1. With the cut-off at 1.5 for a/c, could you classify region 43-85 from its C-alpha gyration tensor as rounded, prolate or oblate?
2. If I stretch the segment between E211 and S150 completely, what's the gain in nm (0.36 nm per residue apart, minus their alpha carbon distance), one decimal?
3. So, counting K/R as plus one and D/E as minus one, what does the shell of residues with Cβ under 15 Å around A254 add up to?
4. Can you work out the Karplus-derived ³J(HN,Hα) for every residue in region 131-147? Use 6.51 cos²θ - 1.76 cosθ + 1.60 with θ = phi - 60°, whole Hz, and x for glycine or proline.
5. I'd like to compare 227-239, 27-39: which one has the highest average count of other Cβ atoms within 10 Å, and what's the full order after that?
6. How many percent of DSSP beta bridges within the chain run antiparallel, rounded to 5?
7. For a quick check: with amide H placed at 1.01 Å from N, whose amide H comes under 5 Å from S176's, ignoring anything fewer than 5 positions away on the same chain?
8. Where the Cα atoms of region 14-121 are projected onto their three principal axes, how long is each span, largest first, in whole Å?
Amino acid sequence: MARVFVTGSADGLGKMAAELLIEQGHQVVLHARSAARADETRKKVVGAEDVVVGDLSSIPETKSVADQVNKLGRFDAVIHNAGIGYRESKLEKTADGLPQLFAVNTLGPYLLTALITMPKRLVYLSSGMHYGAGSHLDDMLWERRRWNGSQAYAETKFQDVLLAFAVARLFPGVNSNSLEPGWVPTKMGGAGAPDDIDKAHRTQVWLATSEEPAATISGRYFFHQKLRDPDPATTDVERQDLLLDLCHRVSGTALPKS
């Protein structure tokens with residue numbers, strides 16, 4: 001039995017992953033962005049150990065989420081599932097002055113990785129949209145370009161793979177991987193999404209808990225429990241370090257020493 005923390009588990013793929021983990025007999029801590037959603041989540045996801053609360057678009061609240069998790073004790077795995085989608089028609093800035101997409105999809109996982117006591121396994125959700133989205137690492141905060149919500153989302157998903165691979169490189173004792181769940185009919189994906197919803201949450205659960213040799217490797221990218229080649233640029237150490245440096249600079253928090 002593993003102990004797993006799943007971000008963004010009030011609905012969608014995060015909720016589905018949490019339910020499958022509980023069904024398999026694992027201990028699961030959920031996450032919701034507000035107290036009201038946490039109350040709803042407790043009722044919807046029966047059998048969870050606890051729910052932590054915090055809005056990942058806020059640096060102080062994200063730090064609070066990490067603090068709440070650490071107070072619950074050590075975890076075997078963290079599934080970084082929380083994310084917002086590609087339909088942001090205008091640039092929304094957070095209270096910290098960052099693009100909301102970057103804050104939730106990229107900086108949130110970075111901060112939680114830096115601040116939660118390091119588990120044995122880390123799983124980062126990306127997207128097939130990450131391919132070809134790594135050419136603007138000099139402007140990850142959209143300070144010099146005209147806003148494009150779809151491109152901004154794709155870039156954060158590229159950054160999630162960079163983060164997963166950077167952590168795999170820097171922490172050889174941790175299995176850190178990324179995956180794409182497919183374009184599935186969730187609230188984010190939309191009703192017309194063509195991929196199989198029943199397969200969309202299984203890879204992250206498998207990577208978090210399975211003892212199969214295929215699930216216990218690190219620094220790889222998956223689709224439906226099979227290896228898939230990511231955008232080759234995600235393996236570039238210089239690009240990984242550019243992302244880590246930016247996240248450190250805007251949050252004031254560095255990754256721990258391995």
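1. Oblate shape, in that a/c is at least 1.5 and b/c is the bigger or equal ratio.
2. Working it through step by step, the gained length comes to 18.3 nm.
3. My count for the surroundings of A254 gives +1.
4. These are the phi-based 3J(HN,Hα) values: 4, x, 9, x, 8, 10, 6, 8, 8, 5, 9, 6, 8, 10, 10, 6, 5 Hz.
5. Descending mean neighbour count gives 27-39, 227-239.
6. Beta bridges within the chain, antiparallel portion: roughly 10 percent.
7. L122, G219
8. 42, 27, 22
The values are calculated or read from the model by the stated rules, or taken from the named source; none is laboratory data. Bear in mind the structure is a predicted one, so any value in this text is a computation, not a measurement. No Cβ is skipped: glycine too gets one built from the backbone with ideal geometry, and neighbour counts run over all protein chains shown. Just the protein is used for accessible areas: all its heavy atoms, side chains included, with ligands, DNA and RNA removed. Shrake-Rupley method; radii C 1.70, N 1.55, O 1.52, S 1.80 Å.
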